[in-house]
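Peer 1: Can you keep this structure in mind? I'll have questions shortly.
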Amino acid sequence: MRATSLVSVIPFLVFFCIKSTAQRFIRIDSFRVGAYGAAAWGDYDGDGRADLAYGAQTMQTGQPDFLTIYHNTPGGMAALPLNLPYAPSPQLCWADLDNNGTDELIVSGAGLNGAQTTVYQYNGSTLMPIAGLRLPGYENGYTAAADYNGDGWKDLAMTGYDSSGQQAGVILKGGPGFSFTPLPARIIGAEKGEIKWGDYDGDGKPDLLMNGYAIGIGSSRIWIYKNMGGDSFQLQPTYFPGMAGTVDWLDYDGDGRLDFLATGVDTTGVQNRTDLYHNNGNGTFSAAMTNLPAFGEPSAVAVGDFNGDGKPDLALAGGNDSSADFSMLAYGTGTAQFVLDTLYPADIQNCIAETADFNGDGFPDLLLSGNLLRNRGAAVAVTNIAQSSASLRIYPNPATEAALQLEWQATTSGTQSLTICDAAGAVLRRETVMQKKGANLWSLSLKDLPAGVYLLQIGTREAVRFLRP
């Protein structure tokens, strides 16, 4: 809405506090409707923009299931003209397996002759299967990549049902020429869970966190495998309530140690749970009392600093005790108590939450089910206060010219941030400038801004409202 009654050149100061005052994520695109799918972000062509692999079952008679690669272009996400075979009960994982600066796509799932895994590589024009590369096939499981031994090559951890229909798990040591060697000591075979790499004990070696349902045990569990070095992993004698669903490392309290979050159903297969575990720093974890609601299986979690305050936030989706299709945002506070907010509705039949900064603005975006959600940036609540001795002045206001002139006084020299927000407080642009002690002058282009009311913030506390006719 255009404003018409602003004073032209008299600025005033406002103080900012970060809180949720506007919908953080807005839907900018949607992909094919499906169910029981998977998605993953990666950069297959090395252009620095996150591309997307997304597949699902259509659940419609006569409509084939699909696995689509979306190329991240300056004009938006564009589907590549590929017909990659969809594997039911899929798992997708991007990783640079040959150290050439581009990611390969690892696709696991059910095939005509049992579980199978295919690795696709970009050849300069399209994605093609890597000939001669044979990896163990798994379905209804999970694949995660990391360099566990520090040799510069990506290694893989994989679980699920193998090609013979048995639950299995393996760690594959990567090497040159797409060579992968299974470690003698295998990890537990489990389904309906996840695997995440993370250095929870601070020794510089990534460890394994995993969960899922294991037939041999007869119930779901959460396991931690400590990386002992020398291609050895040791199952830790820790006990957590069994859970099939999701697991994620995060340092929720900022103490420098990785804690973890788990969602899903317990060993009864009935009770929904969301559990947060605090890393005690001595190899043990203790349950933290949290205000997060329970999410059942299927469930999905994406961890990212969505509001840019340096604390991990959560995007959660799935079924819970009160709703079949439930989703929410949980902003980190440095404690086990999160600030809960709304999120775009999720589809439990296609329960996916995957985050990446696909537009390069510094704020993590989100794929939720089949919807692409853009993070609008740091939302701020603005309260006017009486005019004081202004250290920031802008002109002309209304900004009738292409450039806005800034004047401010600085008590120190160094870098300074200039931020433009819309009237709702969402960050539209952020620039870093070099300031000197004393008087500073700067010219700011407004050519990309449509007509409207905006806020120009200097640093973290002061702002001036201006009009762009």
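Peer 1: Which one is farthest from residue 351 (Cα to Cα) among residues in the stretch 59-74 that are open to solvent by less than 70 Å² (accessible area, probe 1.4 Å) and of a type in the set (Ser, Thr, Tyr)? I'd like the intermediate steps shown before the answer.
Peer 2: Here is the first cut: in the stretch 59-74, the ones open to solvent by less than 70 Å² (accessible area, probe 1.4 Å) are 65-73.
Still in the list and also of a type in the set (Ser, Thr, Tyr): 68, 70, 73.
Numbers: 68: 17, 70: 19, 73: 26 Å.
Only one residue tops the list, namely 73.
Peer 1: Do we find that residue 203 is charged (D, E, K, R) and within 23 Å of the chain's Cα centre (by Cα) in this structure?
Peer 2: On the way: charged (D, E, K, R): yes; within 23 Å of the chain's Cα centre (by Cα): no.
The answer is no for residue 203.
Peer 1: May I pose another question? If a residue must be open to solvent by 20 Å² or more (accessible area, probe 1.4 Å) and not acidic (Asp, Glu), how many such residues does the stretch 23-36 contain?
Peer 2: Keep residues of the stretch 23-36 that are open to solvent by 20 Å² or more (accessible area, probe 1.4 Å), which gives 23, 26-33, 36.
Adding the requirement that they be not acidic (Asp, Glu) leaves 23, 26-28, 30-33, 36.
Summing the residues that are open to solvent by 20 Å² or more (accessible area, probe 1.4 Å) and not acidic (Asp, Glu) in the stretch 23-36 gives 9.
Peer 1: Give me a count of the residues in the stretch 220-234 that are closer than 30 Å to residue 270 by Cβ and more than 24 Å from the chain's Cα centre (by Cα). Working first, answer last.
Peer 2: Within the stretch 220-234, the subset closer than 30 Å to residue 270 by Cβ is 220-225.
Now restrict to residues that are more than 24 Å from the chain's Cα centre (by Cα): 220-221.
Final tally of qualifying residues: 2.
Peer 1: What's the total number of residues in the stretch 406-425 that are modelled with pLDDT under 80, within 17 Å of residue 466 (Cβ to Cβ) and surrounded by fewer than 19 Cβ atoms within 10 Å (Cβ to Cβ)?
Peer 2: Adding up the residues that qualify gives 3.
Peer 1: Give me the pairs, please: first residue somewhere in the stretch 180-193 and open to solvent by 70 Å² or more (accessible area, probe 1.4 Å), second residue anywhere and part of a loop (DSSP other than H, G, I, E, B) and not basic (Lys, Arg), beta-carbon distance under 7 Å, and either six or more positions apart or on two chains.
Peer 2: 192/297
Peer 1: In the stretch 162-179, how many are in a strand (DSSP E or B) and free of Cβ contacts under 8 Å to residues at least 60 places away in the same chain?
Peer 2: Residues of the stretch 162-179 in a strand (DSSP E or B): 167-175, 179.
Checking the rest, the ones that are also free of Cβ contacts under 8 Å to residues at least 60 places away in the same chain come to 167-170, 172-173, 175, 179.
Final tally of qualifying residues: 8.
Peer 1: Under the condition of being at pLDDT 95 or above, open to solvent by 10 Å² or more (accessible area, probe 1.4 Å) and of a type in the set (S, T, N, Q), which residue from the stretch 225-243 is nearest to residue 259 (Cα to Cα)?
Peer 2: In this case the residue turns out to be 234.
Peer 1: So which residues in the stretch 118-161 are of a type in the set (Lys, Arg) and touching a residue at least 40 places away in the same chain (Cβ under 8 Å)?
Peer 2: Going through the stretch 118-161, the residues of a type in the set (Lys, Arg) turn out to be 134, 154.
Of everything in the stretch 118-161, just one residue is of a type in the set (Lys, Arg) and touching a residue at least 40 places away in the same chain (Cβ under 8 Å), namely 154.
Peer 1: Another question, then. Could you check the stretch 328-346 and list, in sequence order, the residues that are without any contact (Cβ under 8 Å) to a residue 60 or more places away in the chain and open to solvent by 20 Å² or more (accessible area, probe 1.4 Å)? Write out each step before concluding.
Peer 2: Here is the first cut: in the stretch 328-346, the ones without any contact (Cβ under 8 Å) to a residue 60 or more places away in the chain are 328, 330, 333, 337-338, 340, 345-346.
Within the stretch 328-346, 333, 337, 340, 345 qualify.
Peer 1: Taking the stretch 199-224 only, how many residues are closer than 26 Å to residue 315 by Cα, open to solvent by less than 60 Å² (accessible area, probe 1.4 Å) and in a strand (DSSP E or B)?
Peer 2: Result for the stretch 199-224: 10.
Peer 1: Out of the stretch 309-324, which residues are more than 19 Å from residue 257 (Cα to Cα) and either touching a strand residue (DSSP E or B) at 6+ places or on another chain (Cβ under 8 Å) or crowded, with 24+ Cβ neighbours inside 10 Å (or both)? I'd like the intermediate steps shown before the answer.
Peer 2: Step one: list which residues in the stretch 309-324 are more than 19 Å from residue 257 (Cα to Cα), which gives 315-324.
315, 316, 317, 318, 319, 320, 321, listed by residue number.
Peer 1: Next question. Based on what the data block shows, is residue 53 touching a residue at least 40 places away in the same chain (Cβ under 8 Å), surrounded by 15 or more Cβ atoms within 10 Å (Cβ to Cβ) and assigned to a strand (DSSP E or B)?
Peer 2: yes
Peer 1: I'd like the full set of residues that are at pLDDT 85 or above, in a loop (DSSP other than H, G, I, E, B) and either open to solvent by less than 30 Å² (accessible area, probe 1.4 Å) or polar (S, T, N, Q) (or both), limited to the stretch 365-405.
Peer 2: 369, 370, listed by residue number.
Peer 1: Could you tell me whether the stretch 326-339 includes any residue that is within 19 Å of residue 29 (Cα to Cα) and either in contact with a strand residue (DSSP E or B) (Cβ under 6 Å, 6 or more places away or on another chain) or not small (Gly, Ala, Ser) (or both)?
Peer 2: Of all residues in the stretch 326-339, those within 19 Å of residue 29 (Cα to Cα) come to 327.
Pick out the ones that are also either in contact with a strand residue (DSSP E or B) (Cβ under 6 Å, 6 or more places away or on another chain) or not small (Gly, Ala, Ser) (or both) and you get 327.
Checking the stretch 326-339: at least one residue is within 19 Å of residue 29 (Cα to Cα) and either in contact with a strand residue (DSSP E or B) (Cβ under 6 Å, 6 or more places away or on another chain) or not small (Gly, Ala, Ser) (or both).
Peer 1: Report the residue count in the stretch 136-173 for those that are at pLDDT 95 or above and either of a type in the set (A, V, I, L, M) or open to solvent by 50 Å² or more (accessible area, probe 1.4 Å) (or both).
Peer 2: The total comes to 15.
Peer 1: Residues that are modelled with pLDDT of 95 or more and surrounded by 14 or more Cβ atoms within 10 Å (Cβ to Cβ): which strands (runs of 3 or more DSSP E) entirely in the stretch 75-132 hold 3 or more of them? Explain how you work it out, then say what you get.
Peer 2: On the way: elements: 76-79, 91-95, 104-111, 114-122, 127-129.
Counting at least 3 such residues, we get 91-95, 104-111, 114-122.
Peer 1: For the stretch 244-254, enumerate the residues that are open to solvent by less than 10 Å² (accessible area, probe 1.4 Å) and among the hydrophobic types (A, V, I, L, M, F, W, C). Working first, answer last.
Peer 2: As a first pass, look at the stretch 244-254 and keep what is open to solvent by less than 10 Å² (accessible area, probe 1.4 Å): 244-247, 250.
The answer is 244, 247, 250.
Peer 1: Something else about it: So which of 280, 291 is surrounded by fewer than 20 Cβ atoms within 10 Å (Cβ to Cβ) and within 14 Å of residue 329 (Cα to Cα)?
Peer 2: Working: 280 fails: within 14 Å of residue 329 (Cα to Cα).
291 is the lone residue from the list that is surrounded by fewer than 20 Cβ atoms within 10 Å (Cβ to Cβ) and within 14 Å of residue 329 (Cα to Cα).
The values are calculated or read from the model by the stated rules, or taken from the named source; none is laboratory data. Everything quoted here is computed from the prediction, not taken from an experiment. Every residue, glycine among them, receives a Cβ derived from its backbone with ideal geometry; neighbour counts consider all protein chains shown. Just so you know, the surface numbers come from the protein's heavy atoms only, side chains and all, with ligands and any DNA or RNA stripped out. Shrake-Rupley method; radii C 1.70, N 1.55, O 1.52, S 1.80 Å.
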